[in-house]
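Colleague: Please read through the structure below; I'll follow up with questions.
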Amino acid sequence: MTRSAKLAGVFGGIAAVAALVAYYIVSYLIVVPPSVAAAGQAPRASVTLQTVASMGYGPHPDWVSYFVEDARGKWVHSTVLTVPANSLVKVTVLQYDTATGLRNPYWGGPRGIVGEMVLDGKPTPTLDPDLASHTFAVPELGLSVPLAGVADDAKNQCGLAPCTLAEAHRTITFVFRTGKRGTYRWQCFVPCAFGTILGFGGPMQSIGYMDGLLHVV
Amino acid sequence: MSAEPTTTWIPAENPELEARIVSLGSYLLSAATTFFFISFLFAFLYLRALNSNGLWGGPKPGHHVPTTTTSGIAILACVLVSVLLVRLALVELRGSTRALWWPACAGALLLGLAAVAIQCWQYTDLGFGTEEGGYASVYLGWTGFFTIFTFGAMLWLETILATARRAPAKAPEVEKSVASFSVFWATLGLVEIAAFILLYGVK
Amino acid sequence: MARLSSHARRILAMWLVSTAVAIPLIIWVLGPHLPPGDMTAEASDQTSANIVLTAVCAPIVLLILVYFGYALVVFRASGGQIEDGAPIRGHAPTQTLWLVLTSATVLALAVWGSLVLVVSAHGAGGGQGPNPIDPPAGAKEALQVQVIGQQWNWTYRFPGYGAIETAHLDLPADRLVEFHVTSLDVTHSFWAYELGVKADAVPGVDNIAFVHTRKPGSFSIRCAELCGLWHGHMYQTGQVVSTAGFASWMASEQKAEALNKKYLPPYSGHYYPEPQRRAG
Amino acid sequence: MRRLVRLNLRTAIAFGIAGFFLGAWVGREIAAGHDYLIGTDQDDVAVFMGFLFATIGWLAGLGFFNYPVSRLLGRPAGYPVEEAKGTARYFRMSTDHKVIGIQYFFGVGAFFLIGGLNAMLIRTELLTPNEKAFPAGQYLTLVGLHGTMMIMMTSAFILGPFGNYFVPLMIGARRMAFPRIEAMTFWLTPLAGLVLMSAIAWNGFPTGWTGYAPLADQARAGMDAYIFAFMLIGISLCLNGLNLMATILTMRAPGMTWTRLPIFVWGVLSTSILMVLASPVLLAALLMGMLDRTANTGFYLASTGGSAYLYENLFWFFGHPEVYILALPGFGIVLEILPVFTRKPLWGYKLAVAGMLGVAFLSFFVWQHHLFVSGINSTLRPFYMLTTEMISVPTGIIFLNGIGTLWLAKMRYTVPMLFSLAFFFNFLIGGLSGIFLSDVPSDVTTHGSYFTMAHFHYTIMGGLVFAFFAATYYWLPKMTGLVLNEKLGKIHFWTMFVFFNLTFFPLFAAGFLDMPRRVSTYAPHLQVINDLVSSAAFCLGISMLIFVGNLIYSLVFARIPAEQNPWHSRGLEWQVPTPVPLHNFDEIPEITGDPYDYGVPGAPPVARLRPASAPARAR
């Protein structure tokens, strides 16, 4: 074997293995759900979300998840939102999941919102923690809003995401003020991931399901 | 490099050294095994002392002891008699008549396997679930891994018996391998005594 | 023998000079910048502990550095030749001296650390578990604050104020505070940096830490034990405010939390919320 | 069987993969009908059974069951072992301790580089104060993979390659006490690495290398990979320690008295005590975690009668001796190398032995210093503060040995010597920063911060890894029979030393300035420090590539045969020819002298290699 062939063999082999390992690790690392922009412009924008009890498809059919409506009215499986800075953002959540109850009842009161939380058209100052199905919380903005659950015995419950308005749901609207630019995390404070120890595993620790990012631009 | 043979033998040392190696290995294995089960002993005492959420003994008081205490006694008896039989075999091998060592070891093997079997049978009829508190957890962990260790020990004993059966070895060699095994098996016997006292005796 | 002692003399001189320079620098120049500052009595104790430890370590570092530096320059083979060094196998007086000195240093540090920990600092701001060995005088009148770690935020309950719960933390200045740290799910660690408090939040445990606040200011709160996805985001900023400022903050919180208060569980050292394990 | 299929790495991988799928199927059958496993979208029983069967398949594929089965059938001990020729023997089960040493060197080294790659990715993420490069969850997995991979691999970093290769050579034995167990300790290691890497396929694990419960109970199936991989390493460590200890205690050549035993062997011996006794506790802790995840027990769940403290106690009961499993072989290596390049006897040999045994003994009594602020029994804190600070006395002895050995020396600055000297510098900083962590008032600030992180990187990377490279440059010529390029070695040393310190020293400041460990986001004012550290870390990564380049250049291209004893060492391992013959010594040698008698007038040679042909000694 010539020197150059040896060189090519050794370095080619090592480079190939290194590339494979790096690809294996990095391809896992960089996956983020697509970002969905809020409708409207600063200083007013709006976001429409829905929460589903179970995906019904995909790699995790049993998981709870958020969905976001994009500009064309299509439901996107993502939790990465882009909203304008220093604006009022109106959030509408279509809530299809049944109640689980809060781990910490403290989060039953809506906090950090402008005006009042509106549940199915009625202003609601606070929620019985046992009736909460999820929360929408951005701790760095002081924002936390409990999302009331659908009654356990409601008819026509949604089984396959994304759900339609014909299926049993609650509608929650609220307005919050975005601060300065930056990326904020948001999450749900309800231990709603049944089947996982303490209800806080799986979807509760996965961006794209019950955790997300709020890009304020 | 090309001059190397395709088959080599692990260089044999003199039999006395080989026996010393196995004997020392058995002591070290026993030490490691002891520390392994000390973890469960610690878990038992620690969780019992903490009694988190009042659930050490499960949701219903007095409910947590296995329903079949007799099978616990049976396992203890099997293991202890088996340990004693191995010691007896050792005495036999060291004495002038060596007639009884084989049946003694074979009996020890059967009793050890019986302990494994009884434990497996007991799991099917426990009377409590694994989720019912700290005691249930420690019970499952301790007895489960003790059973696995016991099964491994029985494989070792079987090896000694099979080797002696196939090529009737000289007494000193058999004696040394039985002595090495006896150390490990006696250690497991002590573990079983502790397990019985704590898991069946302490409420 | 004369040569030998000249090496030793030189090394000793360099060491003494550098130590004499370093120690004042550490105490008066670096010292004031060492954490965590002096917002509380415990933080001051930790700062002085850090200064003392740095000052104790400096001579050791300098001894090794001076010696090794000297040896690297002086005790080297000349040229490419392989020459043998002096066949010394040991020197009993040096060995004894070294053992005595290191043991004495270590024992002194341990005794001093224990004294600071137990007698003067009452736990030094660290979590002491449900039964602190030596609660400070006036612990009965301390402001009780329960810190509740949860995935992923901190909330606080004030049993002295109707057990209301808040999402951020204000403390009055010049007051003994008794933190009761617990968790609702996994292990967190409550780290109030400027206060000099660190206490693990462990489910089912009431972990107590004492701190005596001194002057107003803001402090950062972090989670120092890996707790899942948003561990790095579990930070807040708290305030030490005047007593009057604390009272007005508390009044406004009580007003804001009036509606939600009835849903809170009764105050307890620890909580076991549902679900307690995997649910079907 | 052995005639039909040639058992090697290929069959091991094939059997392993087949075993995994078989096991996963069995696991799903077992799990079916158990409510608590339904709806989690992860079947931990299937994953564990898959790993278990994969391990069995892997070992069977390498031929580890041939001998036990033949023994069960009653065949006699001392079975012949098939050895391949040339490079092929490195890819199959070999019972030659020299082959295993080289397998360890490259196998563990490869995973060490993967762990290093993870470190580079971590530093990439930390270039910015907020998550830019990778999302938070994946970042935690990265931290866990880096930490666990490094701890798993560096545990065997010195005892694996150099312990296995040189302990028999240094004590005058032809083999290790249990050659097949020795082979198994190696082959479990790459399997553990692969199992750990597979955590990515199960969406990672969030706990870092410590695997704290109940977060570990809550985590997704990647946690199973962590638990299983660490269990394999625990078994491997325990068996490796058992084997090394049995070898040293029983197989010393005649004349190898306890005071003639090379100091490296003493280091190995004291380490192996820790390995035998501490690893089973890790194994038990992990098995309890496994039961929590699969059998629905509640060892670590306070809400059902368990306790998170149980894990923390068991883990650190293993974890602190583990720290010394990492450090003690390093002590042994530098004290072994210093006399050779100072041309002096080791100064204070007996004290060094006492120091290492003292460290080993004390390390079992310090573990609760990891739990100073955790809220367990606070009355014990002064005791653990005392024991922890006490351990710096035996550690300090190593420094005294270094000081004494350098006194009036004739130092030669070869690459191994440079690494050994750097070891003292790094370990000094690492050790003294440990004093801050052992003092409770100071620990309240530094615990769980980047200060801690810098501290243990100074001791493990600055200590163990530098000692590893010292040993590599010192012994690799003997192991491979080829010279390593010295110029590249020196470039490697200086880049590594400089950038190691530039990487980790600023992290003490980051910890003092309120930066907790394992965070993907930090306060914006810390960005300068972090960017400096990241750039230095990338250069540190490049210095590792220089080493890899040196290895490739010297072993593949230059191929300059090494002399039998290039360093003019008195060590017994240097008295045998290079490359080392298959059974090391034609006859068991008789040890006649001290291995460190440099410059001692009239010192006898270290050993008589052919005692039988030499004139009989008067006894």
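Colleague: So, by mean Cβ neighbours within 10 angstrom, what's the order for D:514-525, D:20-31 with the highest one leading?
Modeller: D:514-525, D:20-31
Colleague: Still on this structure, I have one more. So what's the angle, to the nearest 10 degrees on a 0 to 90 scale, between helix A:3-29 and the longest Cα principal axis of chain A?
Modeller: Roughly 10 degrees, rounded to the nearest 10.
Colleague: Now for a different question. With only Lys, Arg, Asp and Glu charged, each at its Cβ (+1 for the first two, -1 for the last two), find how big the charge dipole of the protein assembly as shown is about the Cα centre; round to the nearest 20 debye.
Modeller: My answer is approximately 3560 debye.
Colleague: Could I ask something else about it? What residue among D:LEU126, D:PRO345, D:THR445 has its Cα farthest toward the positive end of the dipole of chain D, where the charges are +1 on Lys, Arg and -1 on Asp, Glu, each on the Cβ?
Modeller: In chain D, that residue is D:PRO345.
Colleague: Under 15 Å from the 7 Å Cα→Cβ point of C:LEU16, by amide nitrogen: which residues of the stretch C:58-73?
Modeller: Under cut-off, by backbone N: C:63.
Colleague: Sticking with this one: Please identify the cysteines of chain A that lack any partner cysteine with a Cβ under 4.7 Å from their own Cβ.
Modeller: Isolated Cys, chain A: A:CYS188, A:CYS192.
Colleague: Taking only complete DSSP H runs, can you tell me which helices of chain D stretch 24 Å or more along their own long axis by Cα positions and average at least -1.0 on the Kyte-Doolittle scale?
Modeller: Helices meeting the span and hydropathy rule in chain D are D:9-31, D:44-62, D:97-125, D:136-155, D:179-197, D:222-250, D:263-294, D:308-342, D:415-438, D:486-512, D:527-552.
Colleague: If you place +1 on the Cβ of every Lys and Arg and -1 on the Cβ of every Asp and Glu, how big does the dipole about the Cα centre of the stretch A:32-216 come out, in debye to the nearest 20?
Modeller: That gives a dipole near 720 debye.
Colleague: Report the charge-dipole magnitude of the stretch C:1-90 in Debye, nearest 20, computed about the Cα centre from +1 at each Lys and Arg Cβ and -1 at each Asp and Glu Cβ.
Modeller: 560
Colleague: Next up: Expressed in nm to one decimal, what extension gain is obtained for the pair A:LYS74 and A:ILE30 from 0.36 nm per residue of sequence separation less their Cα-Cα distance?
Modeller: 13.4 nm
Colleague: For the pair D:ARG28 and C:LEU97, what calculated FRET efficiency results from E = 1/(1 + (r/R0)^6), where r is the Cβ-Cβ distance and R0 = 60 Å, to the nearest 0.05?
Modeller: E between C:LEU97 and D:ARG28, to the nearest 0.05, is 0.35.
Colleague: Could I ask something else about it? So, in chain C, how many Lys pairs have Cα atoms under 28 Å apart, if the pair is 8 or more places apart or on different chains?
Modeller: The number of close lysine pairs in chain C is 7.
Colleague: Once the piece of chain linking C:SER5 and C:THR237 is laid out straight, how much longer is it, given 0.36 nm per residue of separation minus the C-alpha distance between them?
Modeller: That works out to 77.6 nm of additional length.
Colleague: If you take the beta carbon distance between C:ILE133 and B:ASN51 as r and set R0 to 25 Å, what does 1/(1 + (r/R0)^6) give as a FRET efficiency, to the nearest 0.05?
Modeller: 0.70
Colleague: Here is a follow-up. Pick out the long, greasy-scoring helices in chain C: whole DSSP H runs spanning 27 Å or more along their own axis by Cα, mean Kyte-Doolittle at least 0.5.
Modeller: C:2-24, C:41-74, C:92-115
Colleague: Counting only DSSP beta bridges with both residues in the protein assembly as shown, tell me the antiparallel percent, nearest 5.
Modeller: 70
Colleague: Evaluate peptide C:212-222: per residue, the Cβ atoms of other protein chains within 10 Å of its Cβ; return the mean as an integer.
Modeller: If you average over the peptide's residues, the count of other-chain Cβ atoms is 1.
Colleague: Here's another thing I want to ask about it. Could you tell me which trypsin sites (Lys or Arg not before Pro) in the stretch A:106-207 are loop residues by DSSP with no more than 15 other beta carbons within 10 angstrom of their beta carbon?
Modeller: Those satisfying the criteria are A:LYS155, A:LYS180, A:ARG181.
Colleague: In the protein assembly as shown, with Lys and Arg counted as +1 and Asp and Glu as -1 at Cβ, which of these residues, A:PRO33, D:LEU408, C:LEU115, has the Cα nearest the positive end of the dipole, that is, farthest along it?
Modeller: Value: D:LEU408.
Colleague: Can you tell me which of A:18-25, D:384-391 comes out highest on packing, and rank the rest after it, using the mean Cβ neighbours within 10 Å?
Modeller: Sorting A:18-25, D:384-391 by mean packing, highest first, produces D:384-391, A:18-25.
Colleague: In nm, what is the difference between 0.36 nm times the number of residues separating D:LYS132 and D:ARG75 and their Cα-Cα distance?
Modeller: 14.3 nm
Colleague: Tell me which trypsin sites (Lys or Arg not before Pro) from the stretch A:1-73 have a DSSP coil assignment and no more than 16 other beta carbons within 10 Å of their own.
Modeller: Loop-located and lightly packed - A:ARG72.
Colleague: Would you mind ranking D:PHE419, B:PHE151 so that the residue whose beta carbon has the fewest other beta carbons within 10 Å leads the list?
Modeller: B:PHE151, D:PHE419
Colleague: How far is it, in nm, from the label point at C:ASP174 to the one at D:ARG610 when both lie 7 Å from their Cα along the line to the Cβ?
Modeller: For the pair C:ASP174/D:ARG610, the computed spacing is 9.2 nm.
Colleague: Along the charge dipole of the protein assembly as shown, which of D:GLY204, C:SER78, B:TYR46 sits closest to the positive end, that is, farthest toward it, with unit charges on the beta carbon of Lys, Arg, Asp and Glu (+1, +1, -1, -1)?
Modeller: Farthest towards the positive pole: C:SER78.
Colleague: What is the packing order of peptides C:83-95, A:128-140, C:220-232, taking the mean over residues of other C-beta atoms within 10 Å and listing the highest first?
Modeller: Per-residue mean Cβ counts within 10 Å order the peptides as C:220-232, A:128-140, C:83-95.
Coordinate-derived values only; no laboratory data. The structure displayed is predicted, hence computed values, not measured ones. Positions of Cβ are generated from backbone atoms using ideal geometry, with glycine treated the same way; all protein chains shown enter the neighbour counts.
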